[in-house]
Amino acid sequence: MHSKIVIVGGGAGGLELACKLGRKLGPSQVMLVDSRLYHIWKPSLHEVAAGTLDIHQEGLSYQMLAHDNGFTYVYGALTALDAGASTLAVGAIATEANEEVMPARSIGYESLVLAVGSTSNYFGVPGAQEHTISLNATEDAERFRLKLLKLLAMAELRKETEADASVDIVIIGGGATGVELAAELREASSVYASYGFRRLHAVKDVRITLLEGAPRILAPLPERVSAAAVKLLNERGITVATDTRVTAIDAGKVSVAGGTEYRANICVWAAGIKAPDFLSGLGLPTNRAGQIEVNGMLSVNGFPNIYALGDCAACVGAEGKLVPPRAQAAHQQADYLLETFLRQKAGKPAQAKPYVYHDYGSLVSFGHSTSVGTLMGSLKGLSWFVEGFFARMMYVSLHLLHHQAVLGTVRTGVLAVARFLIKRTTPLVKLH
């Protein structure tokens, strides 16, 4: 197999680049490699975990997207890279019974883009990897949702004989993922109570605790945003503990510095991310966090025909700081590389200016109702604080813009209307 441009990783940035290039260049020149069969916008995984979003309705098939956008899709995981020969290896695909469906394959390329995202960083905390769930992918979110359903069912039964039959959820990490998950779970717990868990009190019996090691949650954002977020979480009966360093995690409990222990029937790790471990074995330059080091043109240092974007790329931006691992950065980098490849195709000189990250702010979801607060940071050098229904609509628009990039305007509009109607005829949470 061979393709002029091979993109590994079908996350937000990689998929958008594949779709936009495919529509311009066609399937003979653009190939996307991913280890999964369908795509979900990663910032919505907290909704999947809470059960308020159904992955079977939200997921977009890579095969469908390849057909509609004019690129070639290869199902499998990157297992090796020979940069000298400009080839990469894709692992075999097998069933749960270890029956091989697709053999291992070798793919040649002229230009390679690595957009494999990130995974959880446990910082060496004992028991963190074994006793927590991290929302790295759809299967993680589904595992959390199914475990939560089981715990709710067991608590409902215990309510017949026990006064205190609660479900204790501990979320470690007060960044956007942890905060959004806490708020979404609180909203979902009220809905679950209406669907057969009538003995459970949404706040009293579904206890949610958010632990953050820094002095405040949402530390990268302005203090006013953090304060508003704490207020919204407290109003929803969510316990927020800052300056709380987790020292160990065991089955059923979380220990923190100072000796305090938190009971945890289910524990989520949202305290940090790092590049996938396999990147360090590809023979490319990486930093201490395992990210691939790229220059201002997003090409890998020392490998001019290999590029990296998104969370897995260590791109130094303004003031010598790394570009933050945000969806908007991956989106911008995809557009930058789109221009790079189109110029190469047309025989034009390379872009004169390096990639520059533009911070258009940060929005944090607090659920689906009009009372939800969402927050935005800087825009064109200024900073505005927004919350309520208007900010919620802005948050939703980010998701729609991503869909527009991969589906087109008309199909995105039809899909938005269809999902609105479906939500009026199905349970507000997924119950199976």
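Taking the conditions exactly as written (farther than 28 Å from residue 242 by Cβ and open to solvent by less than 10 Å² (accessible area, probe 1.4 Å)), does residue 334 satisfy them or not? Taking the combined requirement at face value, the residue satisfies it. Among the residues of region 215-238, those that are in contact (Cβ under 8 Å) with a residue 40 or more places away in the chain, out of contact with any Gly (no Cβ under 7 Å at 6 or more places or on another chain) and open to solvent by 20 Å² or more (accessible area, probe 1.4 Å) comprise 216, 219, 220, 224, 236, 237.
Out of 329, 334, which single residue is hydrophobic (A, V, I, L, M, F, W, C), touching an Asp or Glu at 6+ places or on another chain (Cβ under 7 Å) and not in a strand (DSSP E or B)? Of 329, 334, the one residue that is hydrophobic (A, V, I, L, M, F, W, C), touching an Asp or Glu at 6+ places or on another chain (Cβ under 7 Å) and not in a strand (DSSP E or B) is 334. Only residues that are open to solvent by 80 Å² or more (accessible area, probe 1.4 Å) and at pLDDT below 65 were counted across region 382-427, and they come to 5.
Sub-6 Å Cβ pairs linking a first residue in region 288-316 that is open to solvent by 60 Å² or more (accessible area, probe 1.4 Å) to a second residue that is among the acidic types (Asp, Glu), at least 6 apart or interchain, are 301/293, ordered by first then second residue. Among the residues of region 151-189, the ones that are open to solvent by 30 Å² or more (accessible area, probe 1.4 Å), touching a residue at least 12 places away in the same chain (Cβ under 8 Å) and more than 30 Å from residue 222 (Cβ to Cβ) come to 3 in all. Taking (1) more than 20 Å from residue 134 (Cα to Cα); (2) out of contact with any Ser or Thr (no Cβ under 9 Å at 6 or more places or on another chain) in turn, residue 87 satisfies each apart from (2). The criterion of being crowded, with 18+ Cβ neighbours inside 10 Å, touching a Phe, Trp or Tyr at 6+ places or on another chain (Cβ under 8 Å) and modelled with pLDDT under 95 holds for residue 323. Just one residue in the set 124, 108 is surrounded by fewer than 18 Cβ atoms within 10 Å (Cβ to Cβ) and either polar (S, T, N, Q) or closer than 24 Å to residue 284 by Cα (or both); that residue is 108. Checked against the criterion of being β-branched (Val, Ile, Thr) and at pLDDT 90 or above, region 35-46 contains not a single residue that satisfies it. Could you check region 102-128 and list, in sequence order, the residues that are closer than 30 Å to residue 266 by Cα and free of Cβ contacts under 8 Å to residues at least 12 places away in the same chain? Matches in region 102-128: 124 only.
Has region 191-201 got any residue that is closer than 25 Å to residue 136 by Cβ, open to solvent by 10 Å² or more (accessible area, probe 1.4 Å) and at pLDDT below 95? The answer is no; no qualifying residue exists. If you go through region 124-144 one residue at a time, how many are assigned to a helix (DSSP H, G or I) and either basic (Lys, Arg) or on the phi > 0 side of the Ramachandran plot (or both)? Residues meeting the conditions: 1. The requirement of being at pLDDT 70 or above, open to solvent by 90 Å² or more (accessible area, probe 1.4 Å) and not aromatic (Phe, Trp, Tyr) is fulfilled nowhere in region 367-380; no residue meets it.
Checking region 72-79 against the condition returns a match, with at least one residue being touching a helix residue (DSSP H, G or I) at 6+ places or on another chain (Cβ under 7 Å) and either surrounded by 13 or more Cβ atoms within 10 Å (Cβ to Cβ) or modelled with pLDDT under 90 (or both).
The set of residues in region 270-287 that are of a type in the set (Ser, Thr, Tyr) and touching a residue at least 12 places away in the same chain (Cβ under 8 Å) contains only 286. When residues in region 158-182 are screened for being touching a Leu at 6+ places or on another chain (Cβ under 8 Å), of a type outside the set (A, V, I, L, M, F, W, C), within 30 Å of residue 136 (Cα to Cα) and not in a helix (DSSP H, G or I), 3 of them pass.
For region 59-69, a tally of residues being more than 21 Å from residue 104 (Cβ to Cβ) and either assigned to a helix (DSSP H, G or I) or open to solvent by 20 Å² or more (accessible area, probe 1.4 Å) (or both) returns 7. Is it true that some residue in region 187-203 is within 17 Å of residue 42 (Cβ to Cβ) and in contact with a Gly (Cβ under 7 Å, 6 or more places away or on another chain)? Looking through region 187-203, none of the residues is within 17 Å of residue 42 (Cβ to Cβ) and in contact with a Gly (Cβ under 7 Å, 6 or more places away or on another chain). Among the residues of region 239-255, those identified as assigned to a loop (DSSP other than H, G, I, E, B) and either hydrophobic (A, V, I, L, M, F, W, C) or touching a residue at least 24 places away in the same chain (Cβ under 8 Å) (or both) are 242, 243, 244, 245, 251.
Across region 80-100, the number of residues qualifying as within 28 Å of the chain's Cα centre (by Cα), over 30 Å from residue 298 (Cα atoms) and surrounded by fewer than 16 Cβ atoms within 10 Å (Cβ to Cβ) comes to 3.
The values are calculated or read from the model by the stated rules, or taken from the named source; none is laboratory data. The structure presented is a predicted model; accordingly, all values stated were derived computationally and were not measured. No Cβ is skipped: glycine too gets one built from the backbone with ideal geometry, and neighbour counts run over all protein chains shown. Remember, those area values only see protein heavy atoms, side chains included, never the ligands or the DNA or RNA. Shrake-Rupley method; radii C 1.70, N 1.55, O 1.52, S 1.80 Å.
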